[in-house]
Amino acid sequence: MDAIKTTALVVVLLTLILAFGGALYQQGQTDADEPSVEAGGSTLTSIYIPEETASISAGAFIGCEKLRFVTIPSTVTSIGAGAFSGCPSLVSLTFIGESSVSIEGDSQIFDDPYKVTIINATGEDLTLSADLIGGKGISKAEPGAAMVYSSGGWYEAYMFTFDDDAVSKVTWKGTYRGTLVMPSNVSVICNGANNQMFGFDKDWIDSVVIPEGVTTIGNNAFSGCSWIKTAPLPSTVTTIGNNAFANCSSIKTMELPSGLRTLGWNAFLNCTGLTEMSVPDGTSEVYGAFQGCKNLKTVSLPHNISSIGDFAFFDCNALTEVELTEGIETIGTYAFYGCSTLKSVVIPTTVKSIGDRAFEGCTSLTAVQVSEGIESIGTRAFARCTSLTSMTIPASVDEIGYEAFSSCSSLGSIDIQRRASLTIGEYTFPMNAVISVDFYSETGTLLVSNYYKHGTFEYKTLDKPGFHRTSI
């Protein structure tokens, strides 16, 4: 937490000095003066008031049109008139510290209380006068309270439970419905003991505001919040945990920040509102992240990705195209299972294995280019790809799994590039496929196909070369 504060303070100091050519603290102060904040207009989106600051001057941030988040320490005892006037983007004031806060004022400090959420992230009560914030003010809001303005007054909408620099729990107070604004002093959202941030009450949230500085969206953070329509991620997010947005079916767009490094299992499970997604460079693996996203049409994958993990795009039956980039080494089990509108796939030369059922049920798949270098094709990897008409198996392949191409009713031509050893599982090819090499039984009897024959076939160099049944 100290590191976050230090970084934020450095950014604030440098930005203010560069933007305004002045100091952060009032000029002309003596050692006996209480430190205060005074600044002019800027392009700041967030501000972390330094600890030990005693006052924020009148009009200190007037005209900061992009200012959204303000973090205020409990050392502040006065805020001047219109300190945040002309800040139309202001979303929240978060008060932090271990002691209670009680601030009087002569005039309102911001223009529109309906737009602002006031969060008490201190260890004690928060009191703000009516003259300061409008309505009847806030009287001794308990620690963790998030206060919103409605019908001429402030009321407690929801409660935060904090664990160091994290929000571990959000508790709904029973009447509020609308936007959930996260505190601006945390770096982690959801790290509770059971990784459950909400109880059963989730339908009250229709959007989420996440401040800059948050680096981690934890496991199950917003899982099951089916009414959330928007949850923009700040540029500071590097980790999205397992099931973080699972079953958030109303989210239609989600821009992943360029600094993202970890995308968890089922991160966007069943997010049926998503239609496109771009995974940034730097994210090395995608495991189950988008399974069940039935309206996802296009996906852009990072150039340095090493694995398309298990269930990555399972049952994304609107997916029409995906570019598999060089550098990918494995395509996992069920990776593209049921992607029934996917039309073509080029397997890069770096891929060594295609997992079990990786492309099963891709019924619109008409062309698959498997590059030299691949070593294994898993069980039922392309089963039920009913539009696939031909297939070339490179000489680098040494194993083809059970029923790998079964029920591929249009697969008429299979070109197997010979090699010294190749194991082919039982029922691998459809009965009527024309295969470029011959199959023989142990006795040397020519077999038309192995579709209806039991046993595993392995190429061997014998007097009569071919594929020979080696087990039953």
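See the values below:
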{"read-out": "3J(HN,Hα) from dihedral phi, region 349-366, Karplus parametrisation 6.51/-1.76/1.60, rounded to Hz, x for glycine, proline", "value": "5, 7, 6, 9, 8, 10, x, 4, 6, 4, 10, 4, x, 7, 6, 9, 6, 9"}
{"read-out": "Spatial separation of Cα centroids for region 66-111 and region 255-295, in angstrom", "value": "37 Å"}
{"read-out": "Simple label model, 7 Å out from Cα along Cβ direction - Ser99 to Thr175, nm", "value": "3.3 nm"}
{"read-out": "Residue-normalised accessible area of region 79-202, given per residue in Å² at a 1.4 Å probe", "value": "41 Å²"}
{"read-out": "Straight-distance crosslink candidates among aspartates and glutamates, where the alpha carbon sits under 17 Å from Lys140 and sequence neighbours closer than 8 are dropped", "value": "Glu98, Glu104, Glu124, Asp125, Asp131, Glu156"}
{"read-out": "Phi to ³J(HN,Hα) by Karplus 6.51 cos²θ - 1.76 cosθ + 1.60 over region 230-235, Hz, x for Gly, Pro", "value": "9, 8, x, 9, x, 5"}
{"read-out": "Sequence ranges 206-214, 224-232, ranked by mean other-Cβ count within 10 angstrom, highest first", "value": "206-214, 224-232"}
{"read-out": "Percent accessible area from carbon and sulfur atoms, region 154-232, protein chains only, probe 1.4 Å", "value": "47 percent"}
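The values are calculated or read from the model by the stated rules, or taken from the named source; none is laboratory data. Remember, predicted model here, so these are calculated numbers, not experimental data. Neighbour counts run over all protein chains shown; Cβ positions are idealised from the backbone, glycine included. Surface accessibility is based on the protein's heavy atoms, side chains included, excluding ligands, DNA and RNA. Shrake-Rupley method; radii C 1.70, N 1.55, O 1.52, S 1.80 Å.
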